[in-house]
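Worksheet: one structure, shown below.
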Amino acid sequence: MLIIIKNDSIIPLSVKKTTQKEQNFPKKLHYFSKQFSHIDKGKFRCYKEVKSAKKGFKIKENNKIMALRIEEMTIPGAPVEGLGTLPVFHSRKPVVVETKEDFPERLKEGLGARWRFLPYKLQNRYGREHIQLKKKTIVLENEYLKAEFWPEEGAKLNSLFDKVRNRELLMSNPVYQPGNLAIRNAWCAGGIEWNFGNLGHNPFTCDHVFAAVLKDDKGEDFVRFYEFERTKTALYQMDFYLPEGSPVLYAHVKLINPTDQDKTTYWWTNIAIPEVGNTRVMSNADMVVGIGKGGLGYEKMPYLSYFKGKDLSYPDNADLAFEYFFQTPAEEKSAWEAGTAEDGNLFFERGTTPLLYRKMFCWGNTQGGKHWQDQLSLPGKGYYVEIQSGIASSQLHDRKFKAREVIEWTQCFGGMKLEEELLHQEDYHAAARYVGEHVEKALSEETLLAMDAKFKVLSNKEVTEKDIVHMASGWGALEQARLERTMDGEFPKSVCFPKSTIGPEQNPWYQLLTEGKMPEEDPATIPVSWMVSEPWLKIMEEALAKGEASWNMLFHYGVMLYEKMDEENYVPEASCWPEYEKYAELAKEAFLKSIEIQPSVWAYRCLFCIERDRENKELAETYYDKVFEMKAATVDYELAAEYIKFLNDCGKYEKACALYESLPANIQNEERMLIRMAQTAIKIDRLDLAEKAFTRDYANIKEGESTLTTIWFEYCARKMAKERGIENPTAEQLEKLIDEAWDICPPPKNIDFRMSTDKKSRYRMEN
């Protein structure tokens with residue numbers, strides 16, 4: 001056994017005889033040296049023995065690197081410290097996706113992906129003050145790569161370190177800083193995340209998933225991450241392999257519909273690579289779907305109409321936040337994407353069908369785009385470009401997911417170094433062919449397909465409780481218990497959800513399942529969880545039919561009814577669904593019956609939602625007034641924030657101001673409350689109150705939200721009006737002054753989250 005040490009990394013190498021050349025340069029690297037001319041052969045040192053591993057690398061008895069281990073790391077960050085209060089119902093507005101005139105008809109199928117929040121609670125309680133956080137890590141390592149996963153954060157691949165070239169392949173964030181970018185709000189930039197369910201990242205992107213350690217057909221360890229996803233009542237599992245001698249990390253992903261119901265689904269692997277200047281993104285596909293001003297377009301790379309005359313394979317050429325999707329033809333068996341660094345080094349990934357679509361996203365080169373990246377990391381330390389891979393043409397498309405269907409593929413990740421001059425040649429297509437040739441040499445399609453066949457067999461390997469090395473929530477165990485009773489589906493043995501994981505959030509529903517009723521709850525306390533799936537709706541209806549009605553059962557029944565949607569179709573928004581009004585009326589009836597038994601702020605608030613969505617503004621306002629007649633209205637800030645926004649939207653600024661001033665100080669000082677009050681203040685000529693919103697940092701601004709800059713420009717416009725002696729500007733005068741303010745009053749950086757400085761851009765919106 002020889003041990004190769006390079007840059008303090010230990011590389012085992014078994015050889016019978018070695019020449020001087022082989023002693024200086026590992027035989028396993030000879031092949032890659034032909035492509036990877038960066039390797040410095042002189043920096044390898046050979047030893048017959050190694051007494052201790054450096055940098056914490058552990059050595060087995062046979063002198064091999066410990067292929068899989070569990071560790072803990074410390075990182076500065078802002079913890080997610082609580083969950084939202086209110087059920088957030090899906091939008092009642094129809095999905096309208098604009099397309100350009102020449103957009104192909106075949107690509108219009110599946111358009112209509114939408115957000116759905118329930119049954120999850122929002123993760124919207126975090127700030128920007130950093131403490132030292134401890135993160136559990138699961139590490140896979142061989143002689144080429146070291147992969148570090150975070151099971152507490154959706155199995156994010158936090159780091160993929162290239163030991164041969166001594167460099168990080170990903171944007172590995174130096175801090176853990178949540179931002180409001182995901183379906184449940186909290187999202188952290190960096191690494192690779194695995195997005196399943198529906199539009200808006202992954203419900204588990206900042207939450208625990210299960211992890212199990214299993215053995216492959218050679219007795220080597222691999223790790224399986226898995227969870228039960230509640231918006232789709234479906235399963236996903238991800239097996240990761242880093243075999244000895246492999247220059248790439250493999251992932252085998254499996255999406256499982258365990259029910260008898262057809263639905264739609266969504267997957268995107270989201271990879272953050274460093275944006276260090278001169279970054280170029282390339283793929284095997286020439287045609288892309290672009291998302292930007294004017295709607296979806298279908299054009300050939302790299303010169304797209306959104307930014308005329310600019311090569312958009314270079315994200316730096318985008319003036320604003322922008323994204324496009326590479327369209328690999330359906331008949332292909334695999335697809336790849338790569339992102340280059342400034343010196344010829346690049347990251348690449350490759351995947352088998354149906355993972356044929358690729359994406360590039362960048363923040364743009366505006367102040368707002370840079371601020372977003374600083375907001376999600378440390379100033380100047382977290383600039384990145386996203387390269388993604390998915391199973392549908394874009395993230396505005398859904399994919400059909402049939403009853404009992406399994407969708408699976410294999411993907412791999414690695415790095416290499418190529419000739420910088422050829423990577424950045426003016427002819428984009430020649431550069432892409434050059435990269436493609438070397439991706440094929442590094443990992444051929446034939447090899448990838450063979451590995452995929454092997455991993456498909458291993459993906460069925462049973463998980464038992466003793467295999468689990470990280471536990472997550474009890475929702476999978478609860479759903480498994482339901483399936484055992486109702487017999488309308490089953491979980492495969494490749495996942496395991498111990499009954500011991502059922503806890504306080506699941507207990508009310510477990511009691512409903514087993515006893516036909518829910519425990520009584522104090523209406524002054526925040527409900528612990530939500531449930532909205534069709535099978536649980538039937539269980540609730542059966543319990544209510546037996547006379548087991550309580551205020552909280554009727555309240556939860558109303559939530560289920562109002563969230564009900566057509567899950568089988570691409571555009572299932574309630575307003576497009578013929579039965580929408582029927583279920584809205586049934587939900588209202590349930591909430592009113594709940595109030596008859598026991599009034600609660602929760603039922604009144606949901607009645608408000610129904611009438612607001614019907615545009616019955618006066619009745620909606622009456623219901624929220626009922627909320628604020630009860631002491632529980634101030635149990636949390638979300639109720640006041642929602643109502644003040646509604647009053648502002650209705651032009652009732654004086655009432656909004658009075659409500660704000662009646663609230664406890666702790667609620668007044670919440671960042672979203674300060675924003676709402678600033679919106680109110682500029683309308684009632686209280687510019688001094690609005691100024692408070694411009695002097696602090698914000699943690700919870702939604703991606704694409706420009707509320708603060710909208711307030712800023714109107715604030716500046718009203719100040720300009722006063723300076724010019726215009727006491728009560730007309731709407732037309734005010735609009736002209738706002739446009740002028742856009743040009744001459746740049747907003748402070750701390751409130752500038754615009755993804756475009758174009759006044760007419762789609763990113764100029766309010767939340």
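The values are calculated or read from the model by the stated rules, or taken from the named source; none is laboratory data. Fair warning: this is a prediction, and the values are worked out from it, not measured in the lab. A quick note on method: Cβ atoms are made from the backbone with ideal geometry, for glycine too, and the neighbour counts reach across all protein chains shown. Note: areas computed on protein heavy atoms with side chains; ligands, DNA, RNA excluded. Shrake-Rupley method; radii C 1.70, N 1.55, O 1.52, S 1.80 Å.
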Inset, instruction - Note down the nm distance, to one decimal, between modelled labels 7 Å out along Cα→Cβ at E342 and at D216. - result: 3.7 nm
Legend entry - Helix axis angle, 428-442 relative to the chain longest principal axis, alpha carbon, degrees: 60 degrees
Inset, instruction - Could you list which residues have their amide H under 5 Å from that of E337, counting only those 5 or more apart in sequence or on another chain, with H placed in the peptide plane? - result: E349
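For segment 307-372, just run the numbers: alpha carbon Rg, then divide by 2.2 N^0.38 Å, N being how many residues it has. Mind dumping the intermediate values first?
Details: Rg = 14.1 Å, N = 66, 2.2 N^0.38 = 10.8 Å.
Cα-based Rg divided by the globular estimate yields 1.30.
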Inset, instruction - Any chance you could check the Cα centroid distance between segment 227-289 and segment 153-220 for me, in angstrom? - result: 11 Å
Inset, instruction - Can you tell me the 0 to 90 degree angle between the C-alpha axis of helix 637-649 and the longest principal axis of the chain, rounded to 10? - result: 70 degrees
Inset, instruction - State in Å² the accessible area per residue of the chain; use a 1.4 Å probe, count heavy atoms of protein chains only, and round to the nearest integer. - result: 39 Å²
Legend entry - Computed lengthening from A403 to T622, 0.36 nm per intervening residue step minus Cα-Cα distance: 74.5 nm
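Quick one: in the chain, what % of C-alpha pairs are over 36 Å apart? The partial results should precede the final answer.
Working: 140073 of 293761 pairs.
More than 36 Å apart: 48 percent of the Cα pairs in the chain.
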Inset, instruction - Enter the Cα centre distance for the pair segment 509-534 and segment 710-738, rounded to the nearest angstrom. - result: 51 Å
Legend entry - Carbon and sulfur %, accessible surface of segment 412-490 computed with the full protein complex present, 1.4 Å: 47 percent
Legend entry - Apportionment of accessible area to carbon and sulfur, segment 131-173, percent (1.4 Å): 47 percent
Inset, instruction - Filter the GluC sites (Glu not before Pro) in segment 606-688 down to the DSSP loop ones having no more than 16 other Cβ atoms within 10 Å, then list what survives. - result: E615, E629
Legend entry - Extended-chain gain in nm, criterion 0.36 nm per residue less alpha-carbon gap, Q733 and R696: 10.3 nm
Inset, instruction - Taking a cut-off of 17 Å between Cα atoms, list the aspartates and glutamates near K722, but don't count ones fewer than 8 places away on the same chain. - result: D685, D688, E691, E714, E732, E735, D739, E740
Inset, instruction - Just read off the accessible area of K370 with the full protein assembly in place, 1.4 Å probe, to the nearest 10 Å². - result: 60 Å²
Legend entry - Computed [θ] at 222 nm, helices only, for the chain once each DSSP H run of length n ≥ 4 contributes -39500 (n - 2.57): -8500 deg cm²/dmol
Inset, instruction - Could you list, in their original order, any pairs among K134/K645; K359/K582; K263/K461 whose Cα atoms are separated by more than 29 Å? - result: K134/K645; K359/K582
Inset, instruction - Using only Cα atoms, find the angle between the long axis of helix 551-563 and the longest principal axis of the chain, and express it within 0 to 90 degrees, rounded to the nearest 10. - result: 70 degrees
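Longer than 32 Å from Cα to Cα, which of K121/K655; K466/K564; K400/K617; K232/K300 are they? Say none if no pair is.
Values: K121/K655 29 Å; K466/K564 38 Å; K400/K617 37 Å; K232/K300 35 Å.
Over 32 Å apart, Cα to Cα: K466/K564; K400/K617; K232/K300.
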Inset, instruction - List the relative contact order of the chain as a percent without decimals, with contacts defined as Cα pairs under 8 Å and 6+ residues apart. - result: 12 percent
Legend entry - Rough spin-label spacing in nm, given labels placed 7 Å along Cα→Cβ, for E615 and E740: 3.5 nm
Inset, instruction - Highest first, please rank the peptides 286-298, 441-453 by the mean number of other Cβ atoms sitting within 10 Å of their residues. - result: 286-298, 441-453
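Volume per residue, Å³, of the convex hull around the alpha-carbon atoms of segment 344-412? Kindly include the intermediate steps, with their values, before the conclusion.
On the way: hull volume 10.2 nm³, N = 69.
In segment 344-412, the Cα hull volume divided by residue count equals 147 Å³.
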Legend entry - Theoretical gain in end-to-end length, A721 to L133 [0.36 nm per residue, Cα-Cα removed]: 206.8 nm
Inset, instruction - Along Cα→Cβ, 7 Å out, is where each label goes; now give me the distance between the ones at D427 and Q367 in nm to one decimal. - result: 4.3 nm
Inset, instruction - Could you work out the equivalent-ellipsoid semi-axes for segment 592-665, taking the square root of 5 times each eigenvalue of the Cα gyration tensor, largest first, in whole Å? - result: 19, 16, 8
Inset, instruction - At 4 °C and 1.567 mPa s, grab the translational diffusion coefficient of segment 691-745 from Stokes-Einstein with a Kirkwood Rh over Cα pairs, rounded to a whole number in µm² per second. - result: 106 µm²/s
Legend entry - Under 5 Å, built H, 5+ apart or other chain: amide partners of A189: Q177
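Tell me, what is a quarter of the convex hull surface for the C-alpha atoms of segment 634-767, in nm² with one decimal?
Numbers: hull surface 32.4 nm².
The number I arrive at for segment 634-767 is 8.1 nm².
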